[in-house]
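Novice: Let me begin by handing over the structure; questions about it come next.
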């Protein structure tokens, strides 16, 4: 009797699963094909000290999808955003979120995460699940191209890479600021920092500059006066502070002032947080940094106004802009493919050429899955504000 | 900016070797000062109750936030500091009354008291993260970044203030312990808590006084830490270093705690400045292990009778 019941149940399960397959269009395609709604995943920092990374992005995506659905969605299907927070334990939660998005929620594409470390965690999961991941601001080259040179097919990136900004910053420091001797203060256990330092060193020494000293630190540190004293002794004229932690930047700037050090402080996109200016605006006066966008660019003015009106007390940031770029790229790819299937989206994304997205016209390099010739904004901190100093666009090689 | 240019000039001209060493010593003393203050808080409670109050870091954090919000709400800086110390005292005594005392009454092992302390610390810190957000906040209305130059050596104003206040606080504490009746009661309890109780000393009252002092110390440390760096929910983690300092100096020994704090501050600065900050904690914990191996009682190990 028990056996018969089991057989019956099994048969029922098979019929049901067949029916489930039959109800979907494009079920012969590998990967995930959307059902009635097109589900898109978002993985990012929505809580904790780094919540500024993901909260604005999630709001911007929700607003955009709301408008999109009001206009009829994509291919006549409604779009749904499924967002997971990775704020408390980023690496583990990224793995959990990606697994859940693919296996349970059946998303056709994932937007985020914001940082390289978590993007690296996601690579094997999205590759196995055959779902493309479009990272917003994770800038290490290894996110899209593995160490042995093979392309991570399912990974795409919206921002420029670390070598790109390290090289741009080295050129700017040497040619525009006339700096010749840079000291490094960086977290050498962080691949983001290491990537930028390596590229800065290569470019800066190639064009004639030198590296005075390389001092280490840890992101959890609060006091950097010991290293700064050593840097002062080294005769450096500038300090490259490649960190993604605005806390570190503010402490270093204050302690430089305390030690009476007047060296040019050079920074990177990881500095970009309004909280930094509250903590150490005056101390950072005159510092330079590279960034992915310039918020004071007039092209964002209307959007910022609209966003702030809808979400009082919050302003959109670069992470929101790049999340919108990712969303628009995915939308474009689905329209091109004519079907909301994850592998089709993956295939179409690499054919993007001068496609208008939120921040710019986007061309994806098929061999690296990076955007082609992204403009680097050089920002100077003046009057406790981030102000665009110069735009730097590399020429075609 | 004028003075910083001069300083940069001085750094680049002239004989650095010696002045760099002195600059590193000044920095080390300033870092060690915070450790020393917190280490005293650990030592005091250990001396009386034979356990380490691991909820110390969260008292420090809560006090700093009280100063932050009260100054933002319009209080003067002095008023904000006074409120912070008051809340530090209340919170410290509150922890003693709701967590430690009931456990001591049940004669639980000291180990459980320490685990309770860690639990309280985690709970309070995570509540603060959820309620207030984990952002870093500058100490309001206090600008401390301009240095005072002594020849080539830059000394932070806040470091000088912190040093003076810490020394005064430790001085008052010493006078209190050595010259007053409640101080005598604390010393008697440190010698032997049960005997002191039998001899008519109200040990519960002693515990309140000890936790009041611990609250004051935590609040002062929190305020200076906030002024020097920033105020944020996880700022209490610095007390781990202070604990190491108090073990190096000799658990339960006040002078030992001060010396341990300063040694640790100097060691960390010199390792960061001359070797690499990547190895800094390796040296700190390494020193701890060496001290425990060869001088298990700490550098200033004393017989039980002169613990304080």
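No lab work stands behind these numbers, since they all come straight from the coordinates. This is a predicted model, so every value here is computed, not measured. For neighbour counting, all protein chains shown are included, and Cβ atoms are generated from backbone atoms with ideal geometry for every residue, glycine included.
Novice: For chain B, set up a Gaussian network in which alpha carbons nearer than 10 Å are linked by springs, and say which option among B:200, B:80, B:298 fluctuates the most.
Specialist: Evaluated over chain B, the most mobile residue of the options is B:200.
Novice: Across peptide A:211-218, how many C-beta atoms of other chains are within 10 Å of each residue C-beta, on average?
Specialist: The mean count of partner-chain Cβ atoms within 10 Å per residue comes to 3.
Novice: Still on this structure, please answer the following. With N set to the number of residues, divide the alpha-carbon radius of gyration of the range A:256-322 by 2.2 N^0.38 Å and report two decimals.
Specialist: The range A:256-322 yields a ratio of 1.35.
Novice: What is the helix-to-structure angle for A:191-206, meaning the angle in degrees between its Cα long axis and the longest Cα principal axis of chain A, kept from 0 to 90 and rounded to the nearest 10?
Specialist: 50 degrees
Novice: Please report, for the Cα atoms of the range B:20-306, the Rg to one decimal and the Dmax as a whole number; what are they, in angstrom?
Specialist: Here Rg and the maximum Cα pair distance are 18.7, 60 Å.
Novice: By DSSP, what percent of the beta bridges with both residues in chain A are antiparallel, rounded to the nearest 5?
Specialist: Bridges in chain A are about 35 percent antiparallel.
Novice: Express in whole angstrom the spacing between the alpha-carbon centres of the range A:293-363 and the range B:24-81.
Specialist: After rounding, the separation between the Cα centres reads 47 Å.
Novice: Something else about it: Any idea what % of Cα-Cα pairs in the range A:85-157 are farther than 15 Å?
Specialist: 46 percent
Novice: Given the options B:179, B:157, B:241, state which has the largest fluctuation in a GNM of chain B using a 10 Å cut-off (strictly under) for Cα springs.
Specialist: Evaluated over chain B, the most mobile residue of the options is B:179.
Novice: Taking every residue in B:31-38, how many Cβ atoms of other protein chains lie within 10 Å of its Cβ, on average?
Specialist: Shielding by partners across B:31-38 averages 1.
Novice: Find the centroid of the Cα atoms in the range A:86-134 and in the range B:155-169, then give the distance between the two in whole Å.
Specialist: 49 Å
Novice: Return the inverse of the average 1/r over all pairs of distinct C-alpha atoms in the protein assembly as shown, which is the Kirkwood hydrodynamic radius, in Å to one decimal.
Specialist: It works out to 28.0 Å.
Novice: Select from B:175, B:203, B:26 the residue whose mean-square fluctuation is largest in a Gaussian network model of chain B (Cα-Cα springs shorter than 10 Å).
Specialist: Comparing B:175, B:203, B:26 in the GNM, the peak value goes to B:175.
Novice: Let me check against my output: what whole-number percent is the relative contact order of chain B, with C-alpha pairs under 8 Å and at least 6 apart?
Specialist: Across chain B, relative contact order equals 35 percent.
Novice: Using only the Cα atoms of the range A:182-340, what semi-axes does the equivalent ellipsoid have when each is the square root of 5 times a gyration tensor eigenvalue? Give whole Å, largest first.
Specialist: Whole-Å semi-axes of the equivalent ellipsoid: 35, 20, 14.
Novice: How much of the DSSP bridge set in the protein assembly as shown is antiparallel, in percent, rounded to the nearest 5?
Specialist: Expressed as a percentage, antiparallel bridges in the protein assembly as shown total about 45.
Novice: Among B:135-142, B:288-295, what's the highest-first ranking by average C-beta atoms within 10 angstrom per residue?
Specialist: B:135-142, B:288-295
Novice: May I pose another question? Quick one: in chain A, what % of C-alpha pairs are over 31 Å apart?
Specialist: Counting pairs separated by more than 31 Å, the tail of P(r) holds 40 percent.
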